[in-house]
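Read through the structure below, which is laid out as structure tokens, and then see the notes.
The values are calculated or read from the model by the stated rules, or taken from the named source; none is laboratory data. Because the structure is a prediction, the values reported are computed rather than measured. Cβ atoms come from the backbone with ideal geometry, glycine included; neighbour counts cover every protein chain shown.
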Protein chains: 6
Amino acid sequence: MKYGARNHIIGKVTEIKKGTLMCQINLQIPADSLMSSVMTLDSMHEMDIRPGDSVRVVVKAVNVLLVKE
Amino acid sequence: MKYGARNHIIGKVTEIKKGTLMCQINLQIPADSLMSSVMTLDSMHEMDIRPGDSVRVVVKAVNVLLVKE
Amino acid sequence: MKYGARNHIIGKVTEIKKGTLMCQINLQIPADSLMSSVMTLDSMHEMDIRPGDSVRVVVKAVNVLLVKE
Amino acid sequence: MKYGARNHIIGKVTEIKKGTLMCQINLQIPADSLMSSVMTLDSMHEMDIRPGDSVRVVVKAVNVLLVKE
Amino acid sequence: MKYGARNHIIGKVTEIKKGTLMCQINLQIPADSLMSSVMTLDSMHEMDIRPGDSVRVVVKAVNVLLVKE
Amino acid sequence: MKYGARNHIIGKVTEIKKGTLMCQINLQIPADSLMSSVMTLDSMHEMDIRPGDSVRVVVKAVNVLLVKE
């Protein structure tokens, strides 16, 4: 598997919060950092994603914003 | 500083690759993971971002794609 | 605060519409123009955002679409 | 013309900066605010966009990030 | 109508799924392929979009991810 | 392979246009439709993508804009 994206790490699903149309998947990535993804419930069902699953977390570099605080 | 985004971690700039209009900022985040951001050179100059700088890396959850391999 | 994004203006929160997972924040920007942002309820709570608040409205230039009508 | 996006205002093209593949279009929107869009040169040519043109500036609400400074 | 985006095809609305804040519009594009868009209910009402409508489906090239399986 | 995105079709690479930092990949999808993706040259090299390759074209539904002309 090769991705046309600069950011693609492995994460572990820790929690799934379901809305009426969308859901929010919380993940643990290395060093105990946390990430979240929002997708449709349709995609969630199609992926058959569950807490404990290992998934690839992919973000295109153009969608990464840097802020100098 | 509070962000309207689920993903916002601190990263350290390791490399800046300049194109003619855009640039690519490579970063190190905890656990020696790597991330990249692409922005305009105008934004890079406005931020005055340099290798070694600590920056906030922000990604909205809707722009995070999960893949089950 | 310096942002790696070409578009970053100050807006005033006029309305918050809550869904079950996401919320929609309506804003007034200069010249009585209106903008909207959609984020997770989690982010909304973390930001403790309320009507009347001044916030920075940030959009990366790659996410701006132009149309010639 | 009706857009499936919460943010769609009229802007006037003030400057076009060309890279080798992409270009950056700078715009003036009401109240002398400035915005920028990045697109491919291919799209720029297809639109036949030039300084002085009036264009619709469209941003989906999910791509709008709010920050409380 | 000219779009500052590389991807803009005509689709036909086949289904609208409403959430509390957002909705999901399913579409049929040429060759019986299917696509989906998620937008706010506010935008859906403003567009007055209904099953059977023909609409332009627009995606900026930077938001298209390629994967080599 | 299962994707957390509503839009994921197979395309065939027809052309690769290289800039100094980014590249544009043009693709043919079913029914002779065309699509394009923009990514970094780094991702292009990592994918080892070439004209004639079959790739998965993935777009999250939140990044699909509908327009009623």
Residue that is nearest to the chain's Cα centre (by Cα), among those in segment A:16-34 that are under 17 Å from E:Gly19 (Cβ atoms) and assigned to a strand (DSSP E or B): A:Ile25
Residue list for segment C:58-69, filter: within 14 Å of chain E (Cβ to nearest Cβ), surrounded by 21 or more Cβ atoms within 10 Å (Cβ to Cβ) and assigned to a strand (DSSP E or B): C:Val59, C:Leu65, C:Leu66, C:Val67
Could you list, in sequence order, all residues of segment F:35-52 that are in a strand (DSSP E or B) and farther than 14 Å from F:Ile10 by Cβ? F:Ser36, F:Val38, F:Met39, F:Thr40
Looking at this structure, is A:Val55 more than 14 Å from chain C (Cβ to nearest Cβ) and part of a strand (DSSP E or B)? yes
Residue that is farthest from F:Arg6 (Cα to Cα) [pool: residues in segment B:26-58 that are hydrophobic (A, V, I, L, M, F, W, C) and touching a helix residue (DSSP H, G or I) at 6+ places or on another chain (Cβ under 6 Å)]: B:Ala31
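For C:Val62, indicate whether it is among the hydrophobic types (A, V, I, L, M, F, W, C) and either farther than 26 Å from E:Val57 by Cα or within 11 Å of the chain's Cα centre (by Cα) (or both).
Here the answer is no, as C:Val62 does not meet what is asked.
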Answer residue from segment C:14-47, given it is under 15 Å from D:Val64 (Cα atoms) and in contact (Cβ under 8 Å) with a residue 24 or more places away in the chain and is surrounded by the most Cβ atoms within 10 Å (Cβ to Cβ) among those: C:Ile25
Checked against (1) within 10 Å of the chain's Cα centre (by Cα); (2) at pLDDT below 95, D:Val13 satisfies every condition except (2)
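Filter segment F:48-57 down to the residues that are of a type outside the set (Lys, Arg) and exposed (fewer than 14 other Cβ atoms within 10 Å of the Cβ) and list them by number.
Listed by number, the residues that qualify are F:Asp48, F:Pro51, F:Gly52, F:Ser54.
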Of the residues in segment B:1-13, those that are touching a helix residue (DSSP H, G or I) at 6+ places or on another chain (Cβ under 9 Å) and either at the interface with chain D (Cβ under 9 Å from one of its Cβ atoms) or touching a residue at least 60 places away in the same chain (Cβ under 8 Å) (or both) number 4
Return the residues of segment D:16-42 that are modelled with pLDDT of 95 or more and away from chain B (no Cβ under 14 Å); say none if nothing qualifies. D:Gln28, D:Asp42
